[in-house]
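What follows is a set of notes on a single structure, which appears directly below.
No lab work stands behind these numbers, since they all come straight from the coordinates. Predicted model only: the values in this text are computed from it and were never measured. So basically every Cβ, Gly included, is an ideal-geometry build from the backbone, and we count neighbours across all protein chains shown.
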Amino acid sequence: MKKQVIISAPGKLLLLGEHAVVHGKLCLVTAVSQRFKLKAKSLPSDEFMLEAPEVGVVNYRKPLSQVGKGEIPQGAKFVEMALANFLKRYPQKLGVAITTEPEFKSTFGFGSSSAATVCTLKALSELSGKSLTNKQLFDLAFKTVLDVQGVGSGFDVAAAIFGGTLLYSLGGKTIKSVPIKNLSLVVGYTGIKADTTTLVKQVNIKAKKHPQVFNAIFDQIESLVIQAHKALLKRDDQTLGELMDINQGYLEAIGAGSVKLSQLIYAARNAGAYGAKLSGAGGGDCMIAITPNSKVAAVKRSITKAGGIVVETKINAEGVKIEA
Ligand code: MEV
C-alpha cells in the first residue's frame, strides 16, 4: 500500500449539448490539457487535513469522525465529501493530508470541482489499496458532485476520469470514446464566473413552465450532438461549426446566453470562425470557436479586442493518472 501519491486529472470543455444532457440527452465533451493536481499522504492519526490555498482553504483539519459533517468551507466541500463518501463505502481508519495544486483557475468553468473530486477518490483508492475501477470511481465521484451541487449530469466527472473526447449521457449511461486526433478550437474566457447550479436550476424552472417547447429544444440539441459526432469523425469542421452556431441559438432560447458571451461569439464568427458557441453552463465562463487554421490568429485577436481572454489549451487530454 502506498503512503503518498500525486494524482492529476484533466479539465474539460463541453463541445455541444450542455443543459440538454442534464435532461437525459447526449453531449460531446473533450478533456483539456490543463490539469488538476493533488498530493495525498496517509497520516498515522485519525485526521483529515487539507491545504487548498487557491480556493481559500489553509490549514484545514478535522477528526475523521467529523468528516462530511457540520459547516464545511465552500472550497473544501468536494474533497471532504469525496472522503466522506469513500469512507462510507469502504469503512476504515484512513487519516489523510491532502494538498491541491490546480493548473487552471476554478473561474474558467474547466471543471475544477469534478477534477478535484476524481483526484481525491483516486488518491484514496491508492492509499487504501482498494484500486477502484474507473466505473467505481465514476459512480462515487458522480454521487459526491450531486451531494455537493445538487444538480449535474456527470459529464465533467467522466472527462476527468476517462479523458479524450467522449459522447456522454446522464449518469454515465453512455460513455463512448470519440477517436479524433485534433480540433482547431479557439477558447475565449469572458472573465465572468458562471454559477452552474443556479443556471441549471433556472433552465429547469423554465423547462417545467414550458415543457413542450423545452423538450423539443432538448431533442433538437441531441440531434445536433449526433450530427456533430459524425462531423467530428470526418473532421468536417465547417459542418461542425454550423452545428455549433445552431446549438448556440438553442442555448440563447433557454436562457443560458449572456451579452459578454455573445460579444465574444460574434467576434469569433466575424473573424472567420466556422462556428462558435458558449461552453458549459453559460452566463459567463468560456466560449469556443471552431476555426480554419488560417484564421486562428485573426479569431484570437478578435476575441481579445472584444474583451475576452484567449485560453491556450489542447483537447483530448489523458484521463486521471498517478503522477508519482
Ligand atoms: C455545465 O458545465 C454543463 C451543464 O450541462 C450541467 C451539467 O451537465 O452538469 C449545464
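Brief remarks follow.
- Under 5 Å, built H, 5+ apart or other chain: amide partners of PHE36: ALA9, GLY11, GLU103
- Taking packing as the residue-averaged number of other Cβ atoms within 10 angstrom, the listed peptides 312-318, 58-64 run from highest to lowest as 312-318, 58-64.
- Stokes-Einstein diffusion coefficient of the stretch 1-54, Kirkwood radius over Cα pairs, 25 °C, 0.890 mPa s, in µm²/s: 170 µm²/s
- Within a straight-line Cα-Cα reach of under 19 Å, LYS260 can be paired with the following aspartates and glutamates, leaving aside sequence neighbours fewer than 8 residues apart in one chain: GLU18, ASP195, ASP245, GLU252, ASP285.
- In degrees, nearest ten, helix 77-89 long axis to first principal axis of the chain (Cα): 60 degrees
- Remark on the chain: Rg and Dmax equal 19.6, 60 Å (Cα only).
- Over all other residues within a Cβ to Cβ distance under 11 Å of ALA76, the charged ones net out to 0, with Lys and Arg as +1 and Asp and Glu as -1.
- If the chain linking ASN59 and THR99 were pulled fully straight, counting 0.36 nm for each residue of separation and taking away their Cα-Cα distance, it would gain 13.4 nm.
- Simple Cβ-charge dipole of the chain, Lys/Arg +1 and Asp/Glu -1, about Cα centre, in debye nearest 20: 320 debye
- The angle between the Cα long axis of helix 259-270 and the main principal axis of the chain comes to about 50°, on a 0 to 90 degree scale.
- Exposure proxy ranking for ILE192, ILE72, based on other Cβ atoms within 10 angstrom of each Cβ and starting from the fewest, stands as ILE192, ILE72.
- Based on Cα contacts under 8 Å between residues 6+ apart, the chain shows a relative contact order of 25 percent.
- 13 Å beta-carbon shell around ASP245, net charge (K/R +1, D/E -1): -1
- The stretch 3-126: Cα Rg divided by the 2.2 N^0.38 Å rule of thumb: 1.11
- The ranking of ARG269, ARG89 from fewest to most other beta carbons within 10 Å of each one's beta carbon is ARG89, ARG269.
- Electrostatic dipole magnitude of the stretch 168-290 [Cβ: Lys, Arg +1; Asp, Glu -1; Cα centre; debye, to 20]: 280 debye
- Sorting LYS260, LYS176 from the fewest to the most surrounding beta carbons within 10 angstrom yields LYS176, LYS260.
- Placing unit charges on each Cβ (+1 for Lys and Arg, -1 for Asp and Glu) gives the chain a dipole about its Cα centre, and among SER8, SER125, GLY272 the Cα reaching farthest toward its positive end belongs to SER125.
- Fully extending the segment from ILE309 to ASP46 would add 90.3 nm, taking 0.36 nm per residue of separation and subtracting the current Cα-Cα distance.
- Taken over the C-alpha atoms, the stretch 69-216 has Rg and Dmax values of 16.9, 51 angstrom.
- Rounded to 10°, Cα long-axis angle of helix 296-305 versus longest principal axis of the chain: 80 degrees
- Anisotropy class of the stretch 223-267 from Cα gyration tensor, a/c 1.5 cut: oblate
- Lys pairs under 14 Å by Cα in the stretch 28-161, provided they are eight or more residues apart or on distinct chains: 16
- Those aspartates and glutamates that a straight Cα-Cα span of less than 12 Å connects to LYS2, excepting residues fewer than 8 apart in one chain: GLU126
- Approximate spin-label separation LYS3-ASP195, in nm, with each point projected 7 Å along Cα-to-Cβ: 4.5 nm
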